[in-house]
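Below is one structure, written out as structure tokens, with a few remarks after it.
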Amino acid sequence: MATLEQRGSWFRVIFRFNGKRYAQTLNTTNPRDANSLKGGIEKTIMLLQQRVLKVPDAVDPLTFIMAGGELPPPAAEPKPEEKPPEPEAEKSERKPLGIRSLKQLCDRYTQTLALSVEENSLATVEMHLRHVKRFFGVDFDPNDIAPGRLQEYIEHRARRKGIRTRPLSAYTIRKELTTFRAAWNWAKQMLLIEPAFPDSPLKFPKMREKQPFQTFAEIERRIASGVTEAEQKELWDCLFLSIGEINELLEHVKATAQQPFVYPMFCFAAHTGARRSEILRLKKSDIDLSSSVALIHEKKRVRGTTTTRRVTLSPFLKQVLGEWLAWHPGGQHLFTQPVAVFRSRKRRIEATPVTRNEATDHFERTLEECKWAVVRGWHVFRHSFASNCAACGIDQRLIDEWLGHQTEEMRRRYRHCFPSQQEKAIQTVFGPKPPTGQTVPGCAMEVSC
């Protein structure tokens, strides 16, 4: 219903409504933003054609459509002795797409963001903005915001309880305001709002550093010493598995998996450290068994760019994938569901890629009612892969290359050895524990422990 036209580096939109042709500049040189704005215009025209919206009398249809079906604010009548404020009138003409509510700001930003980020990341952004809208109200005009209101938001969120009845962390509050700031700055660059984001000075609660990753045995000992249920869940979030534990878990998966794709998907996650979303994006053409290489498509390492990285397949994983590909039910993706799935209500006419919900559901089903039920999601294999590589002395640059994007904070969490290796390391400095009755060199006291 609408088309884009580029004049020089600027975009404008052209459309017809009620038999009349309209053209309007979009005040942007970014093709993604232009396409997003065009989509909003087409939606407004559709609502007008369906009689959901109606252009009010004495309102220009172009202004109404470009404003997303929102009535423009009434112009203030100047006093007889005063002249109309010329600069403000000019600004109003330059900003036909001005945002007048927080709902407009959030909706337009997420529509644009959907073109360039992962589904998981977009869901997180939408969740952050829902908290912002709940506090300020969907009809709140962003142009009226003040630093004091942001500080009130921080204090309000700091009093809220998280998923484990603990106060919401400062990290989460900072992430919510970072998302709000990103949406605000995008709108300002698009000339949709006037003021800059008022984020200074703001005071946040004290940050709490995440615990380092710990072995299964370490966590069990800490739980046995007496911790609350919430602390237990937090400890299991820090779990990483040793090579022996990974092999034991994979044997359990092989024996209990309810669908054919589950076991090879578990093996791929454990032997590559790939994210769940990266595994679900894999296609059969990304696996080269002859060269023992998998090509993983990334969306998180470089903002706004889809990148790739190559991961070497272990001999075990190469064998598992070879057997899986020999049986593969069809389709381009590496992990797919066949047409007929036992006890499934979904009707398929061809093999379909495994979805995010299916991957999560089968992960929980496969590990329920056994010692591995405490493993909290696919990401534990990524932590374990990094921790095991670091414990074996693999060069940090290779670990970064295999895993893709890594922050220094994350490196500190997994850059450690197993407890037994740490004990051996400290013994190289101070020597082994002396036998009972011997004198420690440099000390006159006899060791009696």
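What the table below lists for this structure:
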{"quantity": "Backbone HN-Hα couplings from phi across the range 276-288 [Karplus 6.51/-1.76/1.60, Hz, Gly and Pro as x]", "calculated": "4, 4, 5, 5, 5, 7, 4, 10, 4, 5, 7, 9, 10"}
{"quantity": "Estimated translational D of the range 192-240 in µm²/s (Stokes, Kirkwood radius over Cα pairs; 20 °C; 1.002 mPa s)", "calculated": "153"}
{"quantity": "Exceeding the 23 Å Cα-Cα cut-off - candidates Lys175/Lys300; Lys161/Lys300; Lys133/Lys188", "calculated": "Lys161/Lys300"}
{"quantity": "Cross-link reach list, aspartates and glutamates versus Lys203, counting only Cα pairs under 15 Å and skipping chain neighbours closer than eight places", "calculated": "Glu152, Glu155, Glu176"}
{"quantity": "Pairs of Cα atoms farther than 21 Å apart, the range 102-189, %", "calculated": "29"}
{"quantity": "Binned Cα-Cα distances of the range 152-210, short to long, each 10 Å bin given as a whole percent", "calculated": "20, 45, 25, 10, 0"}
{"quantity": "Dipole magnitude of the range 102-189 about its Cα centre (Cβ charges: Lys, Arg +1; Asp, Glu -1), debye to nearest 20", "calculated": "460"}
{"quantity": "Ordering of 383-396, 42-55, 261-274 by burial proxy (mean other Cβ atoms within 10 Å per residue, highest first)", "calculated": "261-274, 383-396, 42-55"}
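Quick note: the coordinates plus some simple rules give every number you see, no bench work behind them. Owing to the predicted nature of the structure, the values given are computational and were not obtained by experimental measurement. No Cβ is skipped: glycine too gets one built from the backbone with ideal geometry, and neighbour counts run over all protein chains shown.
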